[in-house]
Structure formats: structure tokens, C-alpha cells
Amino acid sequence: MLKAIVFDFDGVVVDSEPVHYKAILEMGKGLGVTFDYEHYLREYIGFDDRDAMRMILKQAGMPIEESHVAELRQKKQLVFNELVLQGAAAIPGAVELIDEAYSQIPIAIGSGATTMDIELMLDSISKRDRFEIIVSADHVSRSKPDPTTYRMAVEQLADKHPTLDLTPGSCLAIEDTAAGIESARGAGLMTLGIATTGPASTLRRAHRVEPGLEGVTLAKLHEWFNGVG
């Protein structure tokens, strides 16, 4: 039975991938690195900022030193913060599903974004209070497709709600990338893939794929996923 939901963030809750792209592109100018959005979706999607900065350095033909990675992450963060303050849009249907689920079952975020990014954008759509658990890139040493992010999210939800007997198999991950689907499946969660960032064909490992979250209700999720496993 479906007892809890772990939402990915970028591309699932907020349409933030274009903002990340612009921030990375602006940061990369000083290194002579530039690429179009299709390249970003093909090569960078699903990475956390650490891996994205390593890719930038590789593309610039520079040595990948962790001190330089940290410096680039900080520069990208400053640009990203400025862009978010100009406005971030929720994925259509996400706010409605979050509000409905919040009133009935535990929900969490399991994301490769930083905690600062997540909280900044949740504030921008007035949904910070909906999530008692946020597992971000700041909490794991290895990002998706490694299963640690989703495993930690389920463990923390289970600790918060001991009477629900939460297990990975009773939790649903909502994801928009192949790396995220692999992470969730590796942790034992049920998976809903939504084609908000790339083609549905990239999400074929999900238990179910939908074009987006518009019209997706908790009742439909129970119908689709109760008994999956």
C-alpha cells in the first residue's frame, strides 16, 4: 500500500532546470565554456552541482580539483539565487498534489539540488512548510543514480512516523530523470516518471510514466500503485 511520497525537486516540483542552465552558463563564461539547452538536458540533467562543476572543468580542459569545484559551486549559487528572486514557476499540477498529499500522508523531498536552492524555491512558491524531510546534495556523498538519497528520505520519514511501518516498498518516488528513477528503484521505492524535462522514453524504467502532474491526484496514485512491488 502507498503510504508516503518522496518528490524529486527540479523538474517535479519547480520548473527550475532552465534556471540552473542559465546559472551554469553564466558561471562558465569565465572558463570559456558555453553550450545550448539541449546539451544541458543531454549531458547535465540529473547531476548535482558537484558533478556539474566537474563536467564544466572537463569541458574547459582544466584539471578537476575539488577546491576549484567548490569555488565554481559558490559562484553558480550566487547567480542562481539572483535568478530565482526574479521568479520561479511550479510544475503544473505539483502544488495541487503537494497540498492534497500533505493533508493525508507523509511527504518528503529527495533531490540532487542543494538545500539552499530547494528552500529558496519552495519559499518562492509558498510551500516550504509542506515538507518535514528534505534530503539534498548536502546530505550525501554520492548523488543519483546512487540510491542513498531515496534510502535516507525513507529512513527519515519512518523515524518521524513510527506507527506507519514505512518501508521503501510502501513509498513512491516522483521523478523526471532516468538517473532519479534508478536511484529510487535502487532504494526499493515505487516510481512515477513524469516527462516534464525530457522524452518519456528516457523514463521507461519507471513503474508508470505520465506526461506531467496535471490531473494527478492522490486517489489516482493509490489506484496506480497499491499492489505494485
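Quick look at the numbers
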read-out	value
0 to 90° range, to nearest 10: angle between helix 17-28 axis and the chain longest Cα axis	20
Between helix 115-124 and the chain: long-axis angle, C-alpha atoms, 0 to 90°, nearest 10	70
Rounded to the nearest 20 debye, dipole of the range 55-133 from Cβ charges on Lys, Arg, Asp, Glu	280
Cα-based helix-to-principal-axis angle, 66-85 vs the chain, degrees rounded to 10	70
Coarse-grained scattering of the range 187-229 at q = 0.14, 0.23 Å⁻¹, given as base-10 log I(q)/I(0) from a Debye sum over alpha-carbon atoms	-0.32, -0.83
q = 0.15, 0.19, 0.20, 0.28 Å⁻¹: log10 I(q)/I(0) that the Debye formula gives for the range 17-85, counting C-alpha atoms only	-0.41, -0.67, -0.75, -1.49
Residues Met55, Met121, Met116 arranged by fewest to most Cβ contacts within 10 Å	Met116, Met55, Met121
Number of Lys pairs (Cα under 18 Å; 8 or more positions apart or on different chains) in the chain	9
Least to most buried among Glu175, Glu182, Glu214 (fewest other Cβ within 10 Å first)	Glu214, Glu182, Glu175
Using distinct alpha-carbon pairs, which all enter the 1/r mean, Kirkwood radius of the chain in Å	17.7
Note, ³J(HN,Hα) from phi for the range 54-63, Karplus 6.51, -1.76, 1.60, rounded to Hz, x at Gly and Pro	5, 5, 4, 5, 4, 5, 7, x, 10, x
Computed magnitude of the charge dipole of the chain (debye, nearest 20; Cβ of K, R +1, Cβ of D, E -1)	440
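Any read-out appearing in this document is the output of simple, stated calculations on the displayed coordinates, not a laboratory observation. Model, not experiment: these values are computed from the prediction. Cβ atoms come from the backbone with ideal geometry, glycine included; neighbour counts cover every protein chain shown.
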